[in-house]
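Just below is one structure, and these are the notes that go with it.
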Amino acid sequence: MLSIIPIPAFRDNYIWLIRKGMRAAVVDPGDAAPVIAYLERERLQLSAIIATHHHNDHVGGNVGLLARWPVPVFGPARETIPGRTNALGEGDRVRVPGIDVTFDVLDIPGHTAGHIAFVGSLGSVPAVFCGDTLFAVGCGRLFEGTPTEMWSSLSKLAALPSETRVFCGHEYTLANIRFALAAEPDNRTLIARQSREEQKRARGEPTLPSTIGDERATNPFLRVEVPAVKAAAEAHAHHLLENAVATFAELRAWKNVFQ
Ligand code: ZN
Ligand code: FE
């Protein structure tokens, strides 16, 4: 029996802990302290660290955890990941020790140049750990990649089965929904999602995981080919946008300055 526990870190990060019996793996431990506190309280053994990209709010806890538990670190081949033992890229398949979960690796560059995602089944539930690439109702900033790369990475994630649970790195959902409503004000599914997610936050619960199906229905960055989203991006740009990448780029630039 697997359980997935969100460990909040910093202001709005989630470190995802995958637990099986008395063993656990952690995804993107930006801070060791809250992970150690959880493992000690539950008397768990750490069995692996999984990293999606090199930003410190995702790997900053690796060294502290490795000092206590010298476990394998699964991370992107094309980035510098503290303690990495298994360098991964598109097409690789890894079995994570302790929790006995198998992940397929996708290259999803754009937020960072070597960003990867881990796709697998948690029990019978399909899941993806996608770091800072796809967020609930949003996407990551383009720090090291082009709009073309990010659009192709998001399209890859959007093509996963609709029931796939989306475990991303930050609780940005409510702010993302405010922007999404500016881009697509008449999307009824999005309007309904806003009140659902606001209720979760009011109860102190995470809005995550999301699902790929929910993202396809409400995330403007996956919906740049929907006429209403394209028209909103064109209105913001004051010119016509010739293709999906151009619309995506405009939407991402608009979000960067959206208040
Ligand atoms: Zn990041
Ligand atoms: Fe981050």
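If you sort 100, 132 by accessible surface, 1.4 Å probe, largest first, the order is 100, 132. FRET efficiency for the pair residue 68 and residue 243, taken as 1/(1 + (r/R0)^6) with r the Cβ-Cβ distance and R0 = 51 Å, rounds to 0.55. Between segment 58-91 and segment 3-45, how far is it from one alpha carbon centroid to the other, in angstrom? Going from one Cα centre to the other spans 15 Å.
Local charge for residue 89 was computed over the other residues whose Cβ lies under 14 Å away, with Lys and Arg +1 and Asp and Glu -1, and equals -1. Where both residues lie in the chain, what percent of DSSP beta bridges are antiparallel, nearest 5? Of those bridges, close to 70 percent are antiparallel. Rounded if a/c is under 1.5, else prolate if a/b is larger than b/c, else oblate: which is the chain, with a ≥ b ≥ c the root eigenvalues of its Cα gyration tensor? It is prolate, given that a/c is not under 1.5 and a/b is the larger ratio.
Pairs of Cα atoms nearer than 8 Å and 6+ residues apart set the relative contact order; for segment 28-90 it is 33 percent.
Split the accessible area of segment 133-196 by element, probe 1.4 Å, and carbon with sulfur accounts for 54%. This model, with +1 at the C-beta of Lys and Arg and -1 at the C-beta of Asp and Glu, gives segment 49-173 a dipole about its Cα centre of some 220 debye.
Comparing 61, 204, 83 in a Gaussian network model of the chain, where Cα atoms under 10 Å apart are tied by springs, the biggest mean-square fluctuation is seen for 204. Given the -39500 (n - 2.57) contribution per DSSP H run of 4+ residues, what per-residue ellipticity at 222 nm results for the chain, rounded to the nearest 500 deg cm²/dmol? Mean residue ellipticity at 222 nm (helix-derived): -10500 deg cm²/dmol. Phi-derived couplings, Karplus 6.51 cos²θ - 1.76 cosθ + 1.60 at θ = phi - 60°, listed residue by residue for segment 100-116: 6, 10, 9, 10, 9, 9, 10, 7, 9, x, x, 5, 10, 5, x, 3, 10 Hz, with x used for Gly and Pro. Less than 5 angstrom separates the built amide H of residue 187 from none of the residues sequence-distant by 5 or more or on a different chain. Accessible surface for the chain, divided over its residues, is 42 Å² per residue with a 1.4 Å probe.
The mean sequence distance of close C-alpha pairs (under 8 Å, at least 6 residues apart), as a share of the length of segment 1-154, puts its relative contact order at 16 percent. Of the residues 241, 66, ranked by 1.4 Å probe accessible area with the largest first, the sequence reads 66, 241.
Evaluated with a Cβ-only charge set (Lys, Arg +1; Asp, Glu -1), the chain carries a dipole of roughly 680 debye about its Cα centre, given to the nearest 20. Note on segment 96-132 and segment 207-235: Cα centroid distance 22 Å, given to the nearest whole angstrom. A straight chain from residue 205 to residue 5 at 0.36 nm per residue would run longer than the Cα-Cα distance by 70.8 nm. Lysine pairs in the chain whose alpha-carbon atoms fall under 25 angstrom of each other, counting only those eight or more residues apart or on distinct chains, come to 4. Over segment 2-257, Cα pairs under 8 Å with separation of 6+ residues give a relative contact order of 13 percent. Result for the chain in a Gaussian network model with C-alpha springs under 10 Å: among 141, 196, 216, the largest mean-square fluctuation is at 196.
The values are calculated or read from the model by the stated rules, or taken from the named source; none is laboratory data. Model, not experiment: these values are computed from the prediction. Here Cβ is always computed from backbone atoms with ideal geometry, including for glycine, and neighbour counts include all displayed protein chains. Calculation scope for accessible area: heavy atoms of the full protein, side chains included, ligands and nucleic acids excluded. Shrake-Rupley method; radii C 1.70, N 1.55, O 1.52, S 1.80 Å.
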